[in-house]
Structure formats: C-alpha cells, structure tokens
Amino acid sequence: MRRLFGELGMAARYARRLPEYLRNPLTPGDCREMLKAQLARREREFLRILEMGVFQRRRSPYRALLTWAGVEFGDVERLTQAEGVEGTLQQLYDAGVYIALDEFKGRRPLVRKGLELPLRAEDFDNPLTRAVFTGRTGGSRGIPRRLLVDLDTLTHDAACHWMFLEAFGIQERPMGVWRSVPPDNSGIKKNLHHAKLGKRVERWFTQRNPRWRGNFKYTAFLNYTLLAARLCGRPLPAPEYTPLGEAEKVARWLQQRAASGAPAHLDTMASSAVRVLHAARERRLDISGTFFRTGSEPLTPRKAALAAEAGCRIACHYSMSELGTVGIACADAAEVDEVIVLTGKVALIEGATRPGTGSTQVRPFCLTTLLTSCPKLMLNVETDDYGVAVRRRCGCPLGELGFDLHVHTIRSYEKLTSEGTNFLGSELYTLLEQVLPAAFGGSPADYQLVEEEENGLPKVSLVVSPRVGEIDQGKVASTALQFLSFRDAGNRLMANLWSEAKTLRVVRREPFASSSSKVLPLHVLPRQRS
C-alpha cells in the first residue's frame, strides 16, 4: 500500500512539474553556469548529502557501515577540508567503508567482521530526491530493478548533453533515437534531454513495441508525456516499433538524411549502431557523415573502425542505470571510448586490486553521488567496471570549465566462469569483435557467449548469427578455445577440460538482447528451477 501511494504521489508531481520543465528550456549560457557552479560546490554538496542523507537517517546502510568503522560526521568534515572529496573517499574505502555491487543491488547482505545487515536495492534510494516517475533497469545481469527518476537530474544531464553537442559541433543536426520505451527509461530520457534544450528529436525508433499492453502504468506514462509535450509546444516524436532485426529501417532514414545534405546524429546502443552499419553495408546505403552517439555498452576499437569504414563518426558516453550519465564523450580524445567524468555530479576513485586472468590485475571504479537529485545515494559503491583514469585538461567545453578527470578503455569486470575457468570481459570483447569476425566473417554484433546450467552442469554456448552464413562449427569452437587459452598454462589446461567435457558448443541464432535491447558479449541465462 505504501508503494502504491508513493507511485501516485510521484505521478502527481510529474503531471505538475513536466510542463514547467518543458516550457523553460536551457540556454547555452545556462548550461555552462549550472555545471561550473556544481563543480565549485562539490565539497559542500558531498558533506550535505552525508549529513542529511546518511547520518540523519537511522536506517541508512551507510550509517551502519560508518558507525562500524568508527567514523562520525565531524571526522568526515575534517577529512574533506584537509584532503578533498577523493582523498576522503579513499581513506573511507581503506577503512572498509564501501559497498560491493551485489550488496548495492540487494543480492547479498552487507557483511563485515562484526557487522551483518540484510539489504534491498531500495535501501539505497536517495531520500533527498524529488522523484517524479519510476522505471526499471535493463536487467542485463539479473532481475530488472525499480529506478527513480528526478527532473532535476534530467535538467543536469540535459546541460551535459548541450556541452557534448557543442564539443562535436552537431548542435543543429537532425537527431534520431533508437532506444526503448518505458519501463526502460533510456528513450524517454534522451527525448526529454533534447527538449530541455528547446530542440526536437526527429525520429524515435524503439526496440520495444510501444503498443505492448503488459503494464498500464508505463503505457499511461508514455502517452501522458507525449500529450504534455505537444501541449507545451515541445512535441516528441511518436515511437516507431523497430526490433533489432530491422536495423535497415534506421539505416534508410540515415541515408535519406545524408542525401539531403544534413547527416543525422543517432543516439543508440553500441551494438545497435553496429547493426545499422551492417545493414547499410549489406543494402549499399550511403550513410556517410552520420554521427553515432552510443552508450549502455562499451565502444571498442573494432566498433569504431566499422563506423570509420562507412564514413561516419562515433563517440560514446559512460552511464550507469542508477545514476544516468557519469561521463560524456571527449571531442579531444586519445582513445575511442574516452569520456570526461562529470565530477560535479559524481566522485570516482578506484577500488582495491582484483585478480584477473593470468597476471592481469584490475581495479573497479567506485562511485559516490554529489547531487541531491541523483535517484540513488551512492558512497564508494564498487561497480563492475574498470578502466584507465587520467587527469588532464582537454580542449572540450567541459575542459574549459575545469573538468579534468578522463577515463577510457572501460570494460566490465564481469567474468565468464565455468569448469573453474575465468575470462575477463576485455578478453571476450577481443574474441567476439576481432578474432571470430576476422576468421569467419560477420560483424561484432553477430557473436555472443551465453552461460547457462544444464542438468546441473555448466554449459557455454557460442552464439553465431545466421547472417554469418555457412561455417564449420567445430572450427569455430576450436578457434575460440585456442584464443581463450593463450594467457598461461592454467588457462590452457582448463580450455582442454572444456574441450573434453564438451562445455563449449556453437549455436546458430541471433544473440540475446536484454529487456533494454543491450547485446552484451556475455549473456547469462537464468537457472531452470527443478
């Protein structure tokens, strides 16, 4: 009942605040001043969030953790004045004040020596936010979870969106979106970001059928948003059902835009961008000049090379479902996936070293929220991402404002584990995007590893799209095993075990997509209940 009343309250706030949001677009000057001011007051906001959102909340998991570590608010205040935000977070992390990803998602209790606390994902909802609607995560690594969305956070991210458009010189390009409709929030958020700048998305392609009748709440929310935007003079395009297998429809729109002399800017997932590029090449559609802005999945060198071969540009943002945008693409990048971290919104440090495969060592990113409007309150939350973090001042508009933390080569720490063998996400990307397409044809969107359990035994399927054509399945499997075993003798031994136990098999079908249409290199199927 409490949840129902909460949802009704948010719906009323959304109905009241959305027209105000739409009727008051941000100017370029507004965007710069907002982000500059947030960067200047980040230490004050950090302390405010801790005081009001943690220490004054009796049931906060963070309060329990800080109490366990013997840390009071005054200690944090003194540390922040002396060491700054990142220095304070590093000392707290070293003292055991961090939340592992499985704890943050409510998959396991918080356990430290002398402390055990059951957790739910909702325990980390930000009590300071003025949420106006809920959505769900894509569930790419588990059960989809409820998410809160705040229009103040959307306003912040819209300002960042403008800085991105300005950095790449694409402010006036016709924009298209190939993103899902609610309950996945990615499509509606991209439309609302653009609308907040007084601009209109031209086409909204969606991988999820907008006529889906599975949940009245999300259908009503979508229809109300479209109606309110039209009445406010900021109309949003009606979503057009375009499943992953119909990328040609998107490619043809891009061709029309390129032929008109105004190449488009398309916002979509990295794998969906590859599908569009593949469809354009197959149908000989000239989409040169198109700008792809990707997210939700890593942008790898191979994906970037495919875009360049088609005469297109491509860049990526870095985001997290629970936070929205964490970093925006750098136009002065040294690496294809380099982003500028929004350090007025989040603080990023690197966690303790984790063993990878062979001698590989990785350090997961740990994020802390610095905006009171962020839907989740995060304090040293370990993500499953790692990468290279560097401080440098670039020539982008954000760099001119003082943002200097860049990250690149961002990969998932998620590992393929079966028969005692572990392979990191970075190795899987190399296998699926470079090794197999080079040997057997197709594109990075045509291959995927699927982990499952069958009759209690681990099985790994190497999914190959039928688009690749005729292949020798035994040769595909042996090529994959040979690549995965190259690290060291231990991996070679375990790859031989895979071969003997017939753990790896080749399956011809389209790769699995999550409910938000992400196509990840590793897809884990739920265990069948007996």
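Things to note:
- Descending by average beta-carbon neighbour count within 10 Å, the peptides 376-383, 302-309, 390-397, 110-117 line up as 376-383, 302-309, 390-397, 110-117, the highest first.
- Neighbourhood net charge (11 Å Cβ-Cβ; Lys/Arg +1, Asp/Glu -1) for residue 477: +2
- Protection proxy ranking, peptides 167-180, 88-101, 218-231, average beta carbon neighbours within 10 Å, highest first: 167-180, 88-101, 218-231
- Under 12 Å, Cβ to Cβ, from residue 207 - net charge with Lys/Arg +1 and Asp/Glu -1: +2
- In Å², nearest 10: area of residue 217 left accessible to a 1.4 Å probe: 80
- Among 288-297, 233-242, the peptide with the highest mean count of other Cβ atoms within 10 Å heads the list, and the full ranking is 288-297, 233-242.
- Our Cα-only numbers for the range 236-314 put the radius of gyration and Dmax at 11.7, 34 Å.
- Lysines with Cα under 22 Å of residue 105, excluding same-chain neighbours fewer than 8 positions away: 113, 345, 376, 415, 518
- Point-to-point label distance, residue 111-residue 512, nm (Cα→Cβ direction, 7 Å offset): 2.6
The values are calculated or read from the model by the stated rules, or taken from the named source; none is laboratory data. Everything numeric here is computed off the predicted structure, so don't read it as measured data. So basically every Cβ, Gly included, is an ideal-geometry build from the backbone, and we count neighbours across all protein chains shown. Quick note on the areas: whole protein, heavy atoms, side chains included, nothing else; ligands and nucleic acids left out. Shrake-Rupley method; radii C 1.70, N 1.55, O 1.52, S 1.80 Å.
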